[in-house]
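The values are calculated or read from the model by the stated rules, or taken from the named source; none is laboratory data. Computed from a predicted model, the values in this text were never measured in an experiment. Cβ placement follows ideal geometry from the backbone for every residue including glycine, while neighbour counts extend to all protein chains displayed. Remember, those area values only see protein heavy atoms, side chains included, never the ligands or the DNA or RNA. Shrake-Rupley method; radii C 1.70, N 1.55, O 1.52, S 1.80 Å.
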Amino acid sequence: MKLKLGIIGFGGMGKWHSENATRVENVEIVCVCDIKKERIQEAKERGLKVYSDVEDVLNDKDVNTVLLTVPNHLHKEMAIRAAKAGKHIIDEKPAALDTKELDEMTKAAEDNNVIFTVHQNRRWDRDFQIVKKVYEENLIGQIFTIESKLHTANGRIHEWHLYKKYGGGMMYDWGVHLIDQTLFMMKGAKILSVFADIKSIINDEVDDYFKIIMKFDNNITVHLELGTYVLNYQPRWLVAGNRGTLKINSFACDGEIWRTSELLDKLPAQIAETVAGPTRQFAPQPAGALYSEPLPEVKTEWTDFYKNFVEVLNDKEELKIKIPEVRRVLSVMEAAFLSSETNKTVEFNE
């Protein structure tokens, strides 16, 4: 059976899906839908069948799956309508604005016996897959801290993401990715607590900065940070274990693993004089004590998401992105919003 897509919403992500989904065998774009004249015209120029009314997509017998790339506040309504029309559902992240909405969407999918999943494409990012490999294979020993950061100087958020009523802001845009990557990588670990600081720095109505600190029962503390107006970027990843430290500077995966040729059993007998004054603990390392090695190689393809969905349609695989995983991410986001509002750490009940 082919995956025959009706894409609802032909903005940035709708166009991206229309260009990339068909790279996978047995995926066909049947139609797209949008209400904006310029997007309708662009879709026609690309040779796509175009509707301006969602009902036309839901009534199209050639469509077996709808892909929702609409603003966040419309996800619940569109997903429930699609389920009732008997269409399978691929929903863009964050799936819903909260767990209550997601539960309603899930029930509609179950009641109508349709497949429901979420496009968490950042699980296939190469930088993340490198960190995941290092974590799973203990390549730097027992990890005790993970920093996952995204910084840009672009400042202003774009289009509907500027408005709270549409589900805008960077928590819903990128926070969901950073949290999902963390939970997917450490899916065997329980979350103990969540602390968050969520701010609006440049954009008046929605968040454009957040820091989230999550503590897990495997003794790892995860620091997630995003800022749209941080003018000197920090590394994309910094991961420290008891046998090494990993650093990845950017999505380009420029970085290395740092190790030490010796662990000092005791500090030097004498205090060293440094530019910061006298110190033992932070004295310069002996020459050659620290060395670096290349990051491990990984192979990853974003299109694996579609390959998996085709296999699910044909009863050959299970969904790689399961709704309980999506719900857990939304639960962490809810805890983060609560923590920021109350300025308190939130104990997380798994």
Residue match in the stretch 95-104 (condition: over 16 Å from K322 (Cα atoms), of a type in the set (A, V, I, L, M) and either within 20 Å of the chain's Cα centre (by Cα) or in a strand (DSSP E or B) (or both)): yes
With criteria (1) open to solvent by less than 70 Å² (accessible area, probe 1.4 Å); (2) over 21 Å from the mean Cα position of the chain (by Cα), T300 comes up short on (2)
Scanning the stretch 303-327 residue by residue, the ones that are part of a helix (DSSP H, G or I) and open to solvent by 80 Å² or more (accessible area, probe 1.4 Å) total 3
With criteria (1) at pLDDT 95 or above; (2) touching a Ser or Thr at 6+ places or on another chain (Cβ under 9 Å); (3) hydroxyl-bearing (S, T, Y), Y291 comes up short on (1)
Reported set for the stretch 52-94 where residues are within 17 Å of G167 (Cα to Cα), hydrophobic (A, V, I, L, M, F, W, C) and assigned to a strand (DSSP E or B) is L68
On the basis of being modelled with pLDDT of 95 or more and in contact with a helix residue (DSSP H, G or I) (Cβ under 8 Å, 6 or more places away or on another chain), does T228 make the cut? yes
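Every residue in the stretch 328-350 that is open to solvent by 80 Å² or more (accessible area, probe 1.4 Å) and either under 19 Å from N64 (Cβ atoms) or not hydroxyl-bearing (S, T, Y) (or both), please.
Within the stretch 328-350, L338, E341, N343, K344, E347, N349, E350 qualify.
Each row is one residue, and each column tells you yes or no for (1) more than 16 Å from P296 (Cα to Cα); (2) open to solvent by 90 Å² or more (accessible area, probe 1.4 Å); (3) in contact (Cβ under 8 Å) with a residue 24 or more places away in the chain.
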residue	(1), (2), (3)
D125	no, no, yes
I130	no, no, yes
V134	no, no, yes
T145	yes, no, yes
H151	yes, no, yes
N154	yes, yes, yes
H158	yes, yes, no
K164	yes, yes, yes
Of those in the stretch 166-190 that are hydroxyl-bearing (S, T, Y) and under 15 Å from A336 (Cβ atoms), the residue least open to solvent (accessible area, probe 1.4 Å) is T182
In the stretch 286-302, anything assigned to a loop (DSSP other than H, G, I, E, B) and not basic (K, R) is listed as P286, A287, G288, A289, P294, L295, P296, E297, V298, T300, E301, W302
Of the residues in the stretch 37-53, those that are open to solvent by 10 Å² or more (accessible area, probe 1.4 Å) and under 28 Å from the mean Cα position of the chain (by Cα) come to R39
Among residues of the stretch 191-233 being of a type in the set (G, A, S) and open to solvent by less than 10 Å² (accessible area, probe 1.4 Å), the residue farthest from A252 (Cα to Cα) is A196
